[in-house]
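Heads up, the thing below is written out as structure tokens.
The values are calculated or read from the model by the stated rules, or taken from the named source; none is laboratory data. Small disclaimer: the values here were computed from a predicted structure and weren't measured. Methodologically, a virtual Cβ is constructed for each residue, glycine included, from the backbone with ideal geometry; neighbour enumeration extends over all protein chains shown. These accessible areas exclude ligands, DNA and RNA; they are computed on the full protein's heavy atoms, side chains included. Shrake-Rupley method; radii C 1.70, N 1.55, O 1.52, S 1.80 Å.
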Amino acid sequence: MSKQPVLIMRGISKRFGGVRALQDVDFELHAGEVVGLVGDNGAGKSTLLKILAGVYQPTEGEVFIEGEQVGIQNPKHARRLGIGIVYQELSLVDSFDIPSNIFLGREITRWGMLARRRMREEARVVLDSLSIESMPLRKRVHDLSGGQRQAIELSKVVHTNPRILLADEPTAALAVKETRRILDLLIRFKERGIGVVLVSHSMPDVFAVSDRVVVLRRGKKVGDVAIDTVTVDDVVKLIVGAEERSSEQVKQSITYPNREGS
Amino acid sequence: MHVKNEGPIAGLKRNLRGYAMGIEWGRELPRIVAIASLLTIVVVFGCLNSRFATLSNFITILRQACILTVLALGLTPLLIQGEFDLSIGALAGFIGVLACGFQASGYPLFLAIGIPILVAGCIGLLNGIVVVAFRVPAFVATLGMMFALQGGELLYSGGSLITKINPLYRFLGQGWVGPIPTPIFPMIGLALIVLVLMQYMKLGHYCYAIGASRRSAMYSGIRVGAFRILFFMFTAVFAAFGGILLTSRLGAAKVWAGELLLLPTYAAVFLGGAVAREGKLTALGSVVGAFFIALIKNGITMVGLGWYWESIILGSLLIVLLALSSTRGSK
């Protein structure tokens with residue numbers, strides 16, 4: 001893990017009309033680090049991710065990538081800045097084969113024609129480098145299992161050489177064995193020096209791969225802890241806010257009358 | 001494969017059985033039905049009229065197929081993307097009348113053809129903008145355009161026939177290069193362009209991607225909106241080529257001639273899809289489909305059925321083809 005964070009978000013706030021989705025959130029990510037971003041529904045995890053992905057613009061706050069301040073205009077800009085995102089609904093084309101999916105939108109062409117053989121070879125290289133096995137390249141993605149499709153989606157993003165990878169619930173719909181594969185992939189990304197932000201509801205998954213956990217609650221950061229200093233229980237307490245509260249916190253919670261330790 | 005001590009008949013039986021078992025009957029049945037029906041129709045026509053199965057008739061069919069092929073080739077990428085264009089027939093008619101009128105007014109040939117093609121491009125652009133930017137469903141938007149173009153056609157020609165035809169213009173649709181009808185050449189040229197485009201180039205590849213999943217294409221950085229508009233223009237320009245070949249062949253700017261091509265064009269594209277290996281719409285399939293539709297049209301006339309039978313037969317065929325394609329789960 002390097003000294004200078006590859007990503008710094010300072011004082012990020014986001015409002016949607018009257019709703020404060022994020023309030024004064026600071027977030028840091030180092031290269032080769034996996035940060036688990038957790039929180040209950042509506043905590044603001046998705047919003048934070050989408051700001052990084054260029055889908056939303058922050059109402060307040062700054063974003064720095066490798067020391068330079070940036071304003072992420074749109075998803076394509078985000079990609080150019082080296083931010084890769086894996087959405088929960090994947091971005092694969094079912095009727096295409098694996099190489100076509102890995103290269104979708106960024107095909108290699110020779111004299112205007114698709115260089116199919118080269119894309120096949122490079123796809124094989126990417127899959128091998130991630131130790132993804134038993135994927136016949138000519139097979140249509142439609143016929144693959146959920147875990148395999150997620151693996152292809154991750155390969156696709158990794159192939160764009162991101163510095164930062166945002167993974168939004170990558171294991172949500174997967175079986176146990178497939179989940180293990182995806183988590184292994186995330187670890188491999190980490191070994192390559194990519195900074196990974198993992199949004200997940202699954203505490204076991206988060207604890208399996210993260211170096212740090214950042215907890216959001218109702219748009220604010222309530223925890224930023226190294227993984228080996230906390231237990232699952234501690235984190236859950238932070239998420240639901242069941243720990244002892246200061247009077248300040250109690251005052252704030254009164255403005256949300258229907259939400260108390262849900 | 002050689003099995004010892006097996007007689008030749010037994011060996012043949014075994015291989016045929018293996019082949020038959022290897023076919024996924026459920027998936028291949030629609031394709032087999034389509035091909036079988038086509039062959040049946042051809043045979044029936046041949047039996048009913050001995051002049052049907054002659055070389056000279058075949059060449060006539062080829063000439064007629066060229067116009068349909070050009071229209072079908074232009075429509076195919078758009079259908080692959082999941083869009084729809086009902087205005088192609090009217091556009092072909094309108095542009096054909098326009099080009100005919102220009103060359104009759106003494107414009108040099110390249111202007112008489114060039115300007116209407118540009119006009120077609122603009123019309124396609126308009127279609128695209130209405131569908132993509134204003135989110136009007138393609139079916140409705142192009143239907144409206146169809147009516148507008150029909151009106152425009154009547155307005156321009158004044159309802160009368162333009163029969164003064166420049167011999168060079170006439171050559172396009174009615175001429176011969178040796179034993180080969182002239183329109184074959186532009187048809188083959190355009191066919192090759194579309195084939196290469198769809199099979200080997202990014203543009204064609206993206207058509208299939210957008211057709212399969214617009215969202216995945218968008219997430220992957222493909223500019224879906226611009227693409228859709230581009231291909232409305234593509235379809236329009238090809239319809240224009242078809243319209244020019246049409247009036248050239250007819251030797252006159254006949255109102256309503258283009259509109260009649262709407263149904264056969266769709267039938268051609270979907271017929272191509274039905275006989276293709278995976279039920280996919282392809283450029284090659286559309287070429288083959290257009291040829292067979294032209295063949296059927298010709299056959300209908302040859303056996304003495306009136307031209308109105310054409311709509312009934314092609315319309316029914318289209319319904320069957322669409323039903324077949326939906327059972328195969330492809331677009």
Shape call for segment B:50-197 from the C-alpha gyration tensor, a ≥ b ≥ c root eigenvalues: rounded (a/c under 1.5), prolate (a/b greater than b/c) or oblate?
oblate
Can you tell me what percent of all Cα-Cα pairs in segment A:1-153 are more than 27 Å apart?
39 percent
Suppose every Lys and Arg Cβ carries +1 and every Asp and Glu Cβ carries -1, with no other charges. What dipole size does chain A come out with about its Cα centre, to the nearest 20 debye?
980 debye
As a test, work out the antiparallel percent of DSSP beta bridges whose residues both lie in the protein assembly as shown, rounded to the nearest 5.
60 percent
Suppose all protein chains stay in the model; what accessible area per residue would a 1.4 Å probe give for the protein assembly as shown, in Å²?
47 Å²
Given C-alpha coordinates of the protein assembly as shown, what is the ratio Rg to Rh with the Kirkwood estimate of Rh?
1.10
Local net charge near B:Gly304, Cβ-Cβ under 15 Å (Lys/Arg +1, Asp/Glu -1)
+1
What number, in percent, do you get for the relative contact order of chain A if the mean sequence gap of Cα pairs under 8 Å and at least 6 apart is divided by its residue count?
25 percent
Taking chain A as a Gaussian network, Cα atoms linked when under 10 Å apart, which of A:Val19, A:Val209, A:Val196 shows the biggest mean-square fluctuation?
A:Val19
Kindly express, to the nearest 10 degrees and within the range 0 to 90, the angle between helix A:116-129's C-alpha long axis and the longest C-alpha principal axis of chain A.
50 degrees
Go ahead and estimate [θ] at 222 nm for chain B from helices alone: -39,500 (n - 2.57) per DSSP H run with n ≥ 4, summed, over the residue count, rounded to 500.
-25500 deg cm²/dmol
Excluding residues fewer than 8 places away in the same chain, name every one of the lysines whose C-alpha is closer than 24 Å to that of B:Lys254.
B:Lys164, B:Lys297
Going from most exposed to least, what order do B:Leu91, B:Leu230 have by accessible area with a 1.4 Å probe?
B:Leu230, B:Leu91
Checked against a 22 Å limit on the C-alpha separation, the offending pairs among A:Lys45/A:Lys221; A:Lys177/A:Lys221; A:Lys139/B:Lys280; A:Lys50/A:Lys76; A:Lys190/A:Lys221 are A:Lys177/A:Lys221; A:Lys190/A:Lys221
Out of all DSSP beta bridges in chain A, what portion is antiparallel? Express it as a percent rounded to 5.
55 percent
Range in chain A, longest, excluding exposed GluC sites (Glu not before Pro) [loop by DSSP; at most 13 other beta-carbon atoms within 10 Å]
A:134-242
Loop chymotrypsin sites (Phe, Trp or Tyr not before Pro), segment B:63-168, which have at most 14 other Cβ atoms in a 10 Å radius of their Cβ (DSSP):
B:Phe134
Qualifying chymotrypsin sites (Phe, Trp or Tyr not before Pro) for segment B:223-264 [loop in DSSP, other Cβ within 10 Å: at most 13]
B:Trp256
Given just the C-alpha atoms of segment B:202-306, how large is their convex hull per residue in cubic angstrom?
126 Å³
The base-10 log of I(q)/I(0) that the Debye equation returns for segment A:90-199 at q = 0.17, 0.20 Å⁻¹, one scatterer per C-alpha, is -0.79, -1.08
Starting from the Cα gyration tensor of segment B:145-215, take the square roots of the eigenvalues, sort them a ≥ b ≥ c, and report rounded, prolate or oblate (rounded when a/c is under 1.5, otherwise prolate if a/b is larger than b/c, else oblate).
oblate
Rounded to 10°, Cα long-axis angle of helix A:176-191 versus longest principal axis of chain A:
90 degrees
What is the distance in Å between the Cα centres of segment A:184-227 and segment B:70-94?
51 Å
Is any helix in chain B, taking whole DSSP H runs, at least 30 angstrom long along its axis by alpha carbon and on average at least 0.5 on the Kyte-Doolittle scale, and which ones?
B:25-48, B:55-80, B:109-132, B:224-250
What average count of beta carbons from other chains do you get within 10 Å of the Cβ of residues in B:209-220?
6
Taking chain A as a Gaussian network, Cα atoms linked when under 10 Å apart, which of A:Gly61, A:Gly36, A:Gly44 shows the biggest mean-square fluctuation?
A:Gly61
How much of the calculated P(r) for chain A lies past 22 Å, in percent of all Cα pairs?
57 percent
Please build a GNM for chain A, connecting alpha carbons under 10 Å apart, and tell me which residue among A:His201, A:His30, A:His142 fluctuates the most.
A:His142
Classify chain B as rounded, prolate or oblate from the Cα gyration tensor: take a ≥ b ≥ c as the square roots of its eigenvalues, call it rounded if a/c is under 1.5, otherwise prolate when a/b beats b/c and oblate if not.
oblate
On a 0 to 90° scale, report how tilted helix A:146-158 is relative to the longest principal axis of chain A, with both axes built from alpha carbons and the result rounded to the nearest 10.
90 degrees
B plus A alone minus the pair: what accessible area, both sides summed, probe 1.4 Å, in Å² to 100?
1700 Å²
Counting only DSSP beta bridges fully inside segment A:51-170, the antiparallel percentage to nearest 5 is 60 percent
Around A:Leu90: net Lys/Arg minus Asp/Glu count, Cβ-Cβ under 13 Å:
-2
Which listed residue (B:Pro183, A:Pro204, B:Gly96) has the Cα farthest towards the positive end of the charge dipole for the protein assembly as shown, taking +1 on Lys and Arg C-beta and -1 on Asp and Glu C-beta about the Cα centre?
B:Pro183
Using helices alone, what [θ] at 222 nm do you get for chain A, with -39,500 (n - 2.57) per DSSP H run of 4 or more residues, divided over all residues and rounded to the nearest 500?
-9500 deg cm²/dmol
How large, in percent, is the carbon and sulfur part of the accessible surface of the protein assembly as shown at a probe radius of 1.4 Å?
62 percent
In what sequence, highest mean first, do B:245-254, B:274-283, B:113-122 appear when ranked by Cβ atoms within 10 angstrom?
B:245-254, B:274-283, B:113-122
For segment A:1-71, calculate the relative contact order in percent as a whole number, restricting contacts to Cα pairs under 8 Å that are 6 or more residues apart.
41 percent
What is chain B's relative contact order, in percent, from Cα pairs under 8 angstrom and six or more apart in sequence?
32 percent
Charge sum, other residues only, whose C-beta stays under 12 Å from A:Leu29's C-beta, Lys/Arg counted +1 and Asp/Glu -1:
-3
How big is the accessible area of A:Val222 in square angstrom, nearest 10, if you roll a 1.4 angstrom probe over the protein chains?
50 Å²
